[in-house]
Amino acid sequence: MQSYTEKSAGLKRILVLNGPNLNLLGTREPEIYGKTTLNDINEMLKTRAKNIGVDEINFLQSNFEGELVEAIQKARGRYDFILLNAAALTHYSIALRDAIAAIPVPVIEIHLSNIHKREEFRHNSVIAPVVIGQICGFGADGYIAALEIAVRKLERDAK
């Protein structure tokens, strides 16, 4: 049996990380974030992942920066891609930025709302320079888009 610390050729393993307050989706400022809950998003991702050949998809939501940093660090060798909605931590967490930069696992940054159309302090993402791309403003569909992009990239890289 192969351990999770060893990469498996051809496997597609995705980690979905969600930051502070995303556990309140569906009730928190629905005019900005919509009425879809985080559980709804996770279920949509599970279904889509199964349909596009993802071997493993796991989810973590935390209101604690350190827990997210540890999850990113532990992703090395265990996951092939990370989908990250760092929420408010996007704008100031050098710890998250450094954790992403320190591992070879590619990360896609996701935001439900268009952070560039919101308050000025939300326009800057300190993690943007160390992720492969950013998807914002498409609500829950942004997660599905990120998943599909990750899978296409993994498939291209495997050739």
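The values are calculated or read from the model by the stated rules, or taken from the named source; none is laboratory data. Everything numeric in this text was worked out from a predicted model, so none of it was measured. Virtual Cβ from ideal backbone geometry, glycine too; neighbours counted across all protein chains shown. Surface accessibility is based on the protein's heavy atoms, side chains included, excluding ligands, DNA and RNA. Shrake-Rupley method; radii C 1.70, N 1.55, O 1.52, S 1.80 Å.
Which residue pairs have Cβ atoms closer than 6 Å, lie 6 or more positions apart in sequence or on different chains, and pair a first residue in segment 55-66 that is surrounded by fewer than 16 Cβ atoms within 10 Å (Cβ to Cβ) with a second residue that is at pLDDT 95 or above and among the small types (Gly, Ala, Ser)?
Taking only residues 6 or more apart or on different chains, the pairs are LEU60/ALA71.
Before we move on, is LEU147 open to solvent by less than 40 Å² (accessible area, probe 1.4 Å), in contact (Cβ under 8 Å) with a residue 60 or more places away in the chain, assigned to a strand (DSSP E or B) and touching a helix residue (DSSP H, G or I) at 6+ places or on another chain (Cβ under 9 Å)?
Against the criterion (open to solvent by less than 40 Å² (accessible area, probe 1.4 Å), in contact (Cβ under 8 Å) with a residue 60 or more places away in the chain, assigned to a strand (DSSP E or B) and touching a helix residue (DSSP H, G or I) at 6+ places or on another chain (Cβ under 9 Å)), LEU147 does not qualify.
Which condition does ALA88 not pass, out of (1) assigned to a strand (DSSP E or B); (2) open to solvent by 30 Å² or more (accessible area, probe 1.4 Å), if it passes all the others?
(1)
Filter segment 5-23 for residues that are open to solvent by less than 70 Å² (accessible area, probe 1.4 Å) and over 14 Å from the mean Cα position of the chain (by Cα) and give the result.
SER8, GLY10, LEU11, LYS12, ASN21
Applying the selection to segment 48-82, what residues are in a loop (DSSP other than H, G, I, E, B) and aromatic (Phe, Trp, Tyr)?
Of everything in segment 48-82, those that are in a loop (DSSP other than H, G, I, E, B) and aromatic (Phe, Trp, Tyr) turn out to be PHE64, TYR79.
Provide a single number: the residues in segment 67-85 that are within 27 Å of ILE32 (Cα to Cα) and either free of Cβ contacts under 8 Å to residues at least 12 places away in the same chain or surrounded by fewer than 15 Cβ atoms within 10 Å (Cβ to Cβ) (or both). Let's see the steps before the verdict.
Going residue by residue through segment 67-85, those that are within 27 Å of ILE32 (Cα to Cα) are 67-69, 82-85.
If we keep only those that are either free of Cβ contacts under 8 Å to residues at least 12 places away in the same chain or surrounded by fewer than 15 Cβ atoms within 10 Å (Cβ to Cβ) (or both) as well, we get 67.
Looking only at that region, the number is 1.
Please go through segment 24-40 and pick out each residue that is surrounded by fewer than 16 Cβ atoms within 10 Å (Cβ to Cβ) and either in contact with a helix residue (DSSP H, G or I) (Cβ under 7 Å, 6 or more places away or on another chain) or outside any loop (DSSP other than H, G, I, E, B) (or both).
Of all residues in segment 24-40, those surrounded by fewer than 16 Cβ atoms within 10 Å (Cβ to Cβ) come to 24, 26-32, 35, 39-40.
Those that are surrounded by fewer than 16 Cβ atoms within 10 Å (Cβ to Cβ) and either in contact with a helix residue (DSSP H, G or I) (Cβ under 7 Å, 6 or more places away or on another chain) or outside any loop (DSSP other than H, G, I, E, B) (or both): LEU24, PRO30, GLU31, ILE32, ASN39, ASP40.
Per-residue answers, yes or no, for (1) closer than 21 Å to LEU89 by Cα; (2) of a type outside the set (Gly, Ala, Ser):
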position: ASN21; (1), (2): yes, yes
position: GLY26; (1), (2): yes, no
position: GLY34; (1), (2): yes, no
position: LEU38; (1), (2): yes, yes
position: ILE41; (1), (2): yes, yes
position: LEU45; (1), (2): no, yes
position: VAL54; (1), (2): no, yes
position: ILE57; (1), (2): no, yes
position: GLN61; (1), (2): yes, yes
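Which number in (1) of a type outside the set (Phe, Trp, Tyr); (2) open to solvent by 70 Å² or more (accessible area, probe 1.4 Å); (3) within 30 Å of GLU31 (Cβ to Cβ); (4) not in a loop (DSSP other than H, G, I, E, B) marks the one condition that GLU109 misses?
Checking GLU109 against (1) of a type outside the set (Phe, Trp, Tyr); (2) open to solvent by 70 Å² or more (accessible area, probe 1.4 Å); (3) within 30 Å of GLU31 (Cβ to Cβ); (4) not in a loop (DSSP other than H, G, I, E, B), the one that fails is (2).
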